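A short write-up of the structure that comes next.
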Amino acid sequence: MTQDSASLIGQILVNLGKISHDQLLEALKLQTQMSKEIKKPLGQILLELDYIDPNDIIEAIRVQMQMRNTKG
């Protein structure tokens, strides 16, 4: 997952009301502080922070896929 798609997932979660903008910024900050060897996906970080549950990330991925299908 690229940085763009990671931040898109984060923005989708904000738009869905699953996380706040501040929670997204916190998770992105943690992600950027990780070395390349241990860098985790944004969704995993949000799960570990207990901001979302697995169903939330699945819902966000569904929305992202719908957005991509609409564009193409």
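No value in this document is a laboratory result; all are computed from the given coordinates. Treat the numbers as computed from the prediction; the structure is a model and nothing was measured. With ideal geometry, Cβ positions are generated from the backbone for all residues, glycine too; neighbour counts draw on all protein chains shown.
Sequence neighbours fewer than 8 away in the same chain don't count; with that in mind, list the lysines whose C-alpha is under 26 Å from Lys71.
Filter leaves Lys18.
Quick check: pseudo-label points 7 Å beyond the Cα along Cα→Cβ at Lys40 and Lys71, how many nm apart are they?
If labels sit at Lys40 and Lys71, their model points lie 2.7 nm apart.
Using the number of other C-beta atoms within 10 angstrom as an exposure proxy, rank Lys40, Lys18, Lys29 with the fewest first.
Ranked by crowding around the Cβ, least crowded first: Lys29, Lys40, Lys18.
Along the charge dipole of the chain, which of Gln33, Asn15, Met67 sits closest to the positive end, that is, farthest toward it, with unit charges on the beta carbon of Lys, Arg, Asp and Glu (+1, +1, -1, -1)?
In the chain, that residue is Met67.
Out of the stretch 12-71, which GluC sites (Glu not before Pro) are coil in DSSP terms and have no more than 15 other C-beta atoms within 10 Å? Please list the in-between numbers first.
Working: sites: Glu26, Glu37, Glu48, Glu59; in loops: Glu37.
Answer by residue number: Glu37.
From the helices alone, meaning DSSP H stretches of at least four residues, give me the mean residue ellipticity at 222 nm for the chain, per-run term -39500 (n - 2.57), in deg cm²/dmol to the nearest 500.
-22500 deg cm²/dmol
DSSP loop trypsin sites (Lys or Arg not before Pro) in the stretch 32-72 with at most 16 other Cβ atoms within 10 Å of their Cβ, which ones?
Working: sites: Lys36, Lys39, Arg62, Arg68, Lys71; in loops: Lys36, Lys39.
Counting only loop positions with at most 16 other Cβ atoms within 10 Å, the trypsin sites (Lys or Arg not before Pro) in the stretch 32-72 are Lys36, Lys39.
Please report Rg (one decimal) and Dmax (integer) in Å for the Cα set of the chain.
11.9, 35
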